[in-house]
Amino acid sequence: MKKILQTPIRDEDLESLNVGDVVYLTGHLVTCRDVAHRRLIEQKRELPVDLKGGAIFHAGPIVRKKDDGKFEMVSIGPTTSMRMEKFEREFIKQTGVKLIVGKGGMGPETAAGCQEGKAVHAIFPGGCAVLAATKVEEIERAEWQDLGMPETLWVNRVREFGPLIISIDTKGKNLIEQNKARFNEKKAPVMERIFSQVRFIK
Amino acid sequence: MDKEVAVQSLTDTMAKFTSYIGKRLPTDVKQKLADLRTLETNPLAKSIYDSMAENQEAADKLDRPSCQDTGVIQYFISAGAKFPLLGELEEILQNATLGATKIGPLRHNAVETFDEKNTGTNTGSKIPWLDWEIVPDSDCATIDVYMAGGGCTLPGKATVLMPGQGYEGVTEFVFDVITSRGVNACPPLLVGVGVSTSVETAARLSKRAILRPVNSKNPNANAALMEELLEEGLNEVGIGPQGLTGNNSVMGVNIESSARHPSTIGVAVSTGCWAHRRGKIRFNADLSYEVLSHEGVVL
Ligand code: SF4
């Protein structure tokens, strides 16, 4: 059965989740990336959206303005989450955000932030931008539009948005870090075997 | 055909084709992803392949770019010395990029370096990037279009090894790039390796390598063996789609090479992500054309 999270997300919704679990999101998902993080943490500006119990998406979408003045989500895929590593721990603390969606893993600071704030980081498959756009029911608001299309805070109402793969859980476990360690361990013996077959210089 | 009309016709075709390849994957890539999806037994990895397939269906149906990052546009031209529009091709491809940006729509991905301003047109100094090969005695032109996305461009790396490091050093270089930086570049990747004499020759060949079909083989027996060994070896590491682990890691490994200085081995890696958006089209002298990369295309 599909596990569906609903905003506002409570601590108890997340505590039983482990890295590698797959969940979906129904409710609100706000795009929030480099400059929004910078404005809150470095410039100490208040975010125009209340994220307590909320969900953010590291993404810069393609949005179209329709004839009736409303916005339509054309294409929205995740961007590399690691770029926000510098800010995320403090971001979680200040906003009370519960779910951070992006691409690839994040580092130890975010993992610590997730543990302190009972939050999780999840991966949406990169390159699946049209699939994601079809899960957006409506763009309800657009804040900080002065930042341009990719950086605007788009407040999306989503239904069963996913798959979202938990990559950092509330215990601070980090799936991608675990995987990288595993890849590094596996590669040495494989390379050794290849070495013996590519001695073309005699 | 009057020259002006001919220029317009080629520009239109290339604009449409450039936009088209952002929405639909080439036949060989599509087939390979379908195969990898069937071979996968890890349930999480399987569900990622399902999402990818669902995404491509939606992109096709809704006629939208399948990934929001439509990249920097690059054209690899192999033109006959007698192709009638040889001298006009550069301008034609500039205008084709402008056109494709509107039709797509493509994301604006050309930032002027040093001025650090996005041009908003996907064109700029030397962009779209053109790579030329002139074919003597021919009057046809074959053009490969490639969308170089940010994620799949980031792992790229080149170096010069000492001959003592040998092909063992080449192997190690490829593994290091793929298991570190490759993991975040939306695997399964198509890995291009250039083995040559210096950094720029190796780098160019590594890019040419990912333009080759996924299942193609290098004609040299040793190079083909190395392609196979690297592919098997990387798959054994089990990076899986999106680096979430799985039965495989890559769509394939293609090697291109040249002769080298006795004292150097230039080596480079270029990667194509799972959404490997490239297309190949061949024009005859009368501008009739054939799309070689995608089956059943109507432009
Ligand atoms: S690596 Fe490829 S599929 Fe992934 S986001 Fe970049 S362009 Fe899209």
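Points to keep in mind about this one:
- With respect to the stated conditions, B:Ser51 is within 15 Å of the ligand (Cβ to nearest atom) and polar (S, T, N, Q).
- Qualifying residue in the stretch A:97-117 (condition: part of a strand (DSSP E or B), open to solvent by 50 Å² or more (accessible area, probe 1.4 Å), under 23 Å from A:Gly27 (Cβ atoms) and away from the ligand (no atom under 16 Å from the Cβ)): no
- Residues within the stretch B:261-299 that are away from chain A (no Cβ under 14 Å), within 16 Å of the ligand (Cβ to nearest atom) and not in a strand (DSSP E or B), tallied: 0
- Among the residues of the stretch A:100-146, the ones that are under 23 Å from A:Ser16 (Cβ atoms) and within 14 Å of chain B (Cβ to nearest Cβ) come to 8 in all.
- Residues satisfying the stated conditions in the stretch B:245-299, i.e. touching a Lys or Arg at 6+ places or on another chain (Cβ under 9 Å) and basic (Lys, Arg): B:Arg277
- Of all residues in the stretch A:82-93, those satisfying the criterion of being crowded, with 23+ Cβ neighbours inside 10 Å and either facing chain B (nearest Cβ under 9 Å) or among the aliphatic types (A, V, I, L, M) (or both) are A:Met84, A:Ile92.
- Across the stretch B:114-145, the number of residues qualifying as open to solvent by less than 20 Å² (accessible area, probe 1.4 Å) and either free of Cβ contacts under 8 Å to residues at least 12 places away in the same chain or not assigned by TED's automatic domain parsing to the domain that holds B:Thr97 (or both) comes to 0.
- Scanning the stretch B:57-71 for residues that are touching a Ser or Thr at 6+ places or on another chain (Cβ under 9 Å) and either within 11 Å of the ligand (Cβ to nearest atom) or part of a loop (DSSP other than H, G, I, E, B) (or both) gives B:Arg64, B:Pro65, B:Ser66, B:Cys67, B:Gln68, B:Asp69, B:Thr70, B:Gly71.
- Some residue of the stretch B:191-212 being open to solvent by 10 Å² or more (accessible area, probe 1.4 Å), at the interface with chain A (Cβ under 9 Å from one of its Cβ atoms) and more than 22 Å from B:Gly71 (Cβ to Cβ): no
- Criterion violated by B:Gly151 - all others in (1) more than 16 Å from the ligand (Cβ to nearest atom); (2) within 14 Å of chain A (Cβ to nearest Cβ); (3) small (Gly, Ala, Ser) satisfied: (1)
- In the stretch B:143-164, the residues that are touching a Gly at 6+ places or on another chain (Cβ under 9 Å) and part of a strand (DSSP E or B): B:Ile143, B:Asp144, B:Val145, B:Tyr146, B:Met147, B:Ala148, B:Ala158, B:Thr159, B:Val160, B:Leu161
- Identity of the residue in the stretch B:150-169, within 18 Å of B:Glu200 (Cβ to Cβ) and among the hydroxyl-bearing types (Ser, Thr, Tyr), that ends up modelled with the lowest pLDDT: B:Thr153
The values are calculated or read from the model by the stated rules, or taken from the named source; none is laboratory data. Here the structure is a predicted model, which means the values were calculated and not measured. Please note: Cβ atoms are built from the backbone with ideal geometry, for glycine as well, and neighbour counts cover all protein chains shown. Surface accessibility is based on the protein's heavy atoms, side chains included, excluding ligands, DNA and RNA. Shrake-Rupley method; radii C 1.70, N 1.55, O 1.52, S 1.80 Å.
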